[in-house]
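Trainee: I am attaching a structure below and will ask some questions about it afterwards.
The values are calculated or read from the model by the stated rules, or taken from the named source; none is laboratory data. All figures in this text were calculated on a predicted structure; none of them were measured in a lab. Note that each Cβ is placed from the backbone with ideal geometry, even for glycine, and that neighbours are counted across all protein chains shown.
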Amino acid sequence: MRKIVPLLTLLCLALTAGCNQDNGATGAFSENNSATLVPADPDLAAIYNRSCRSCHTVAATGSPLTGDRAAWAPRLEKGMDVLVDNVVGGFGGMPPFGLCMDCDAGQFEALIDFMSTAGRAAP
Ligand code: HEC
């Protein structure tokens, strides 16, 4: 364990350049909730699983977790165009394209829509 902690810290720093735990998440939403969510569309699910998911189900990355509506609400207020631009250009601890180099804007939009609304109970 003694060796693992500094390693994890390093990994975390490398991933987020800061290890910011405060991602705006509130309430009981957890990584476990997040990990169960996958887009219904198989093509989108494949993209999500190989890129976005590795960070957006891990709170230590500082990312808004998939399905955590409270964390996504202030992000969505920026507007979809701004969010897509921020994915393409990289944003905070998120690398450019969210690691999906061949995704287009429409796919990013669908992924953002999924991540911010997945698991949402009927209104
Ligand atoms: C290497 C980790 C990582 C990956 C991979 C990743 N993200 Fe992120 N993402 C983050 C982090 C960290 C933040 C929060 C950045 C901040 O607020 O400083 C974030 C924030 C976001 C935001 C909010 C941006 C804003 O303006 O508030 C969107 C949208 C987003 N990610 C979409 C995606 C999509 C879509 C994918 C997959 C194609 C993806 N991310 C892949 C780490 C990642």
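Trainee: Given (1) within 17 Å of residue 31 (Cβ to Cβ); (2) in contact with a Gly (Cβ under 6 Å, 6 or more places away or on another chain), where does residue 87 come up short, assuming only one miss?
Mentor: Result: residue 87 passes all but (1).
Trainee: Further question: Pairs only if they're at least six apart or on different chains, beta carbon under 8 angstrom, first in the stretch 81-110 and surrounded by 18 or more Cβ atoms within 10 Å (Cβ to Cβ), second at pLDDT below 95 and not in a helix (DSSP H, G or I); list them, first residue then second.
Mentor: What qualifies is 93/17; 93/18; 93/20.
Trainee: Still on this model: Of the residues 51, 63, which single one is in contact (Cβ under 8 Å) with a residue 40 or more places away in the chain, surrounded by fewer than 21 Cβ atoms within 10 Å (Cβ to Cβ) and under 11 Å from the mean Cα position of the chain (by Cα)?
Mentor: 51
Trainee: Would a scan of the stretch 73-84 turn up a residue that is β-branched (Val, Ile, Thr) and more than 16 Å from residue 30 (Cβ to Cβ)?
Mentor: yes
Trainee: Could you list, in sequence order, all residues of the stretch 37-96 that are small (Gly, Ala, Ser), near the ligand (Cβ under 10 Å from one of its atoms) and closer than 14 Å to residue 117 by Cα?
Mentor: 71
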